[in-house]
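Since every read-out is calculated from the coordinates, none of them should be taken as a lab result. Quantities reported herein were computed from a predicted structural model and do not represent experimental measurements. Note: ideal-geometry Cβ built from the backbone for every residue, glycine included; neighbour counts use all protein chains shown.
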């Protein structure tokens, strides 16, 4: 579970090790797993679930530790690397709700080992819907439970074996608190009249899938925009591909083999020999030297290929609305009106504007709205685009009002300067 925030509330109580029912240990045998499943089955209520990966350290996004907790069923730390799969545990977990924090960070790696929820409660998403100003786990625990949850091991290399004991304490506390946090947050949502909203969002999350890989992922190289020609880009591309293949073969984070700055430095200079490559100061790390032949072969491919990439590629999505003002003024005016209305709704409901509707969905309906400006037509458009019913209920009439207003007179909204558009 990643965590970019730390609790700073002065009233938060430091959470002691004694909070745990027992000293954490890692389950890595079939007998231990069978015992854990039996104990969990004797518990009641939803399961707190978490997973720790080794982002940045390893190439894969697999889980290296899985934590499960249940009232009356104990807290269990499971090493998924020790097992071919965890389908037996998955059968038990499928019998009740899961509690996760930032579910989309963990669902994919849990599914890899046979753990798939049938119902869930996401405490991060719930915190957003409740209008909490910060939604990191440590902050929410401090806000709702009055406890300080240390997060110093969130970015650790969880592929380390054996896992240090203080890391295990961190991992166990993370998940052991989830049932109490879920109940506290559910009470807040109920008091705000948002239980039905949260239920729809959580039901949608059960079917969440990772986004498809982007075309030309090498274009995410940091500093790529400094390269001046397609030939330079071709060299960068071939180096990126070689690095990715090598990193996968040794299961290491690509940036830990050769960093982006080394690739961009080599691509910018277009060295004409292996020695010239070795002389580039940015190309001086351990794997830069050890695998020099590999990198030089990649550069040769980039220097000789006829498959030169374009300097820029047109994405599948719409251009940013700030570019619509001259070419698509009606769409620009609709977007400006809708943005204003959505901001009012977000403030009134204490729900972040990005949770009221996906930004891409709003851009698309402003760019190409329904043929008829009727609330029912807008509601149908939103439903077909995947909006939840609570979202449709909150925003469809306001969107339609904007479309009508702009159709009658777009002047007011065309006056807004394009540079103010996000």
message: Just want the ordering: 84, 96, from fewest to most Cβ atoms lying within 10 Å of their own Cβ.
response: 84, 96
query: On full extension of the chain, what length is gained from residue 214 through residue 320, given 0.36 nm per residue of separation minus the C-alpha to C-alpha distance?
result: 36.3 nm
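What value, in deg cm²/dmol to 500, does the helix sum -39500 (n - 2.57) over DSSP H runs of n ≥ 4 give at 222 nm once divided by the residues of the chain?
Helices in the chain give a 222 nm mean residue ellipticity of -14500 deg cm²/dmol.
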task: Using only Cα atoms, locate the centre of region 321-390 and the centre of region 210-227, then give the distance between them in Å, rounded to an integer.
output: 28
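Mind checking the full-extension length gain between residue 44 and residue 368? Use 0.36 nm per residue of separation minus the Cα-Cα distance, one decimal, nm. Present the calculation step by step, with values, prior to reporting the outcome.
Details: separation 324, 0.36 × 324 = 116.64 nm, distance 4.98 nm.
111.7 nm is the gain from fully extending residue 44 to residue 368.
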- line: Going from the fewest other Cβ atoms within 10 Å to the most, one would list 214, 119 as 214, 119
query: Sorting 336, 311, 252 on the 10 Å Cβ count, fewest up front, what's the list?
result: 311, 252, 336
- request: Take the alpha carbon atoms of region 260-275, find their center, do the same for region 245-259, and report the distance between the two centers in whole angstrom.
  value: 18
query: Using the alpha-carbon centroid of each, what span in Å lies between region 168-208 and region 80-124?
result: 15
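Length gain on complete extension for the stretch residue 279 to residue 87, per 0.36 nm per residue less the alpha carbon to alpha carbon distance? Before the final figure, lay out the partial values.
Working: separation 192, 0.36 × 192 = 69.12 nm, distance 5.22 nm.
Here the answer is 63.9 nm.
Pull up the DSSP beta bridges for the chain and report the antiparallel fraction as a percent, rounded to 5.
Values: 11 of 21 bridges.
Antiparallel: roughly 50 percent of the beta bridges in the chain.
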